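The values are calculated or read from the model by the stated rules, or taken from the named source; none is laboratory data. Because the structure is predicted, anything quoted here is derived from the model rather than measured. FYI the Cβ positions are ideal-geometry reconstructions off the backbone, even for glycines, and counts take in every protein chain you see. Accessible surface areas use protein heavy atoms only, side chains included; no ligands, DNA or RNA. Shrake-Rupley method; radii C 1.70, N 1.55, O 1.52, S 1.80 Å.
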Amino acid sequence: MTVPDPTLTDAWAALARHRNAMASVSLRTRFEQDATRFDRLSWSVAGLTVDLSKQHLDDDTLPLLLDLATAMDVEGRRAGLFAGDRVNVTEDRAALHVALRDSTDRSYVVEGEDVSVQLKYARGRMLAFAGHVIDGQRTGHTGQRFDRVVNIGIGGSDLGPRCAVAALTDHAVSELDVAFVATVDGIALQDALADVEPEKTLFIICSKSFSTRETMTNANEARCWLIDALGEAAVADHFVAVTAEPSKAVDYGLTDDAIFPMWDWVGGRYSLCSAIGLSLALACGPLVFQRVLAGANAMDRHFETAPLAENLPVMMALLSIWNQDFWNTTALAVLPYDHRLRLLPAHFQQLMMESNGKGVRIDGGDVSFRTAPIVFGGSGAESQHSFMQQIHQSPKVVPVEFIVALDGQGEEDRDILVANAFAQSEALMRGLAADEISQDSGKNLIPHKACPGNRQSTTILLESLTPETFGALIALYEHRTFVEGTLWGLNSFDQWGVEFGKALASRLLEDVAKGRAGDGHDSSTAGLLNAYLAHRSTIQS
Ligand code: F6P
């Protein structure tokens, strides 16, 4: 498969000329000159309203960006995604996460086989299991109902479900308390198992590969904890697995009915709508899980069918390229103004940076651009008292994506959150000129108080944070990530860059086992390892 170098397309050159031609007009001026700007540049789909009017756009920008979408065959690649083509070229796989949330009788074909029936069967099994745990039909080894679920996973096997359980806490239906364990320093697992009863604890081993070192280490420690309390026979009653490697789960001691499949043509960071979302189904019930699927499916339908000029994932992706490659930004801040969505930035960080943080194009060609932005963020209100100073006044411009749910707890709280979210985007856009600053505080402070403004942002409004709008939001970012990768000519579905570090870690673990740094390490790595080994020997003696 060959893809054009986007920077060599006529569309890219036209965008570069256009950027030079339009940059002299500030966003503030554009709003002063056009009272309809918000109405013209905001779109509502699947319960989300996306306001793009504070982006650097004039009447010619979107058509020129759409020319780039045409040059990079966004429509063709989109069709291939839904058709189950092997869009993940380096792993020779499809990327059919859209099939996970389609409840119609549409067929989805992977390598010549219609997988839609097996998907629905697997979904039904997972949801039935969740329902049985919630209603007490499925109990632990001693017949007691579960009251604690521990999801053991990392990356896409943790961030998505963790974020979903937090986001939909208002919809929790079960007495089950769901904890997540990802890192491998023992403290996380220790915290998750503090004050819980083994008889009432259910472990989910979430691992597509069923071999991720951190996850299997935690799973083994949890297994020992359970066996110490209830004996080896209890493992089959207190552990379930979500994996694309069921035989490994059987070897681990799990029975078939405790293994929920996922597939190699669903990427980890795109897998929330698979059984990787089991913890959500346990926390909020099967119906809420299905409502998340329905919301994601609504956004899938929009992405698949809407003309590119009205297609939200496409437009957000085009603006990423516009900001990154023509307005020279290098980062993206995602700021949800809602405590329930506080974990969303971490999920989107993996989704966008692991998908498009690449150094070669899908056909192995070089990239002459910076690819994925550095995605970061956090709860918006707290970020205002943390890093927003830099985003207002640093020479480095960072586009911001504000996410605001219009419903939520407490009217006054919501008023404050919403006012602050909108004020931040207004301040970034209009800035504060020296002549607008009162002289009362002294002339010497004026340059310190001035804000450059003309800083672009997008605001995404959720009419209400429901399972449906949450699912639509997840799908919106999944598809904008895919389109960004397509525009850059990247493979958004592999992650070869993480393998090298894992291999080196294995070598260092062998050195730790031997008690000395092996040959071939640089003096820093050897020195650091020896320092650790010296410390380790003191605590072991
Ligand atoms: O970081 C690499 C990675 O493979 C991610 O893509 C994935 O989400 C995570 O590790 C966990 O992988 P698994 O689900 O196979 O344990």
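Going through Val334, Val314, Val360, Val375 one at a time, which residue ends up being under 30 Å from Asp73 (Cα atoms), of a type outside the set (S, T, N, Q), open to solvent by 30 Å² or more (accessible area, probe 1.4 Å) and modelled with pLDDT of 95 or more?
Val360
Among the residues making up the range 150-173, those that are among the polar types (S, T, N, Q) and either more than 11 Å from the ligand (Cβ to nearest atom) or free of Cβ contacts under 8 Å to residues at least 60 places away in the same chain (or both) are Asn151, Thr169.
In the range 337-357, of all residues being assigned to a loop (DSSP other than H, G, I, E, B) and either among the charged types (D, E, K, R) or without any contact (Cβ under 8 Å) to a residue 40 or more places away in the chain (or both), the one that is surrounded by the most Cβ atoms within 10 Å (Cβ to Cβ) corresponds to Asp338. Going through (1) at pLDDT 95 or above; (2) open to solvent by less than 80 Å² (accessible area, probe 1.4 Å) one by one, Ala23 falls short only on (1). In the range 237-279, of all residues being without any contact (Cβ under 8 Å) to a residue 60 or more places away in the chain and under 24 Å from Asp195 (Cα atoms), the one that is farthest from the chain's Cα centre (by Cα) corresponds to Phe239.
If the condition is being open to solvent by less than 70 Å² (accessible area, probe 1.4 Å), assigned to a loop (DSSP other than H, G, I, E, B) and out of contact with any strand residue (DSSP E or B) (no Cβ under 9 Å at 6 or more places or on another chain), then the range 185-210 contributes Gly186, Ala194.
Inside the range 444-489, can you point out the residues that are of a type in the set (S, T, N, Q) and either open to solvent by less than 10 Å² (accessible area, probe 1.4 Å) or under 21 Å from Glu310 (Cα atoms) (or both)?
Step one: of the range 444-489, the residues of a type in the set (S, T, N, Q) are 444, 454, 456-459, 464, 466, 469, 481, 486.
Answer for the range 444-489, where residues must be of a type in the set (S, T, N, Q) and either open to solvent by less than 10 Å² (accessible area, probe 1.4 Å) or under 21 Å from Glu310 (Cα atoms) (or both): Gln456, Ser457, Thr458, Thr459, Thr469, Thr481, Thr486.
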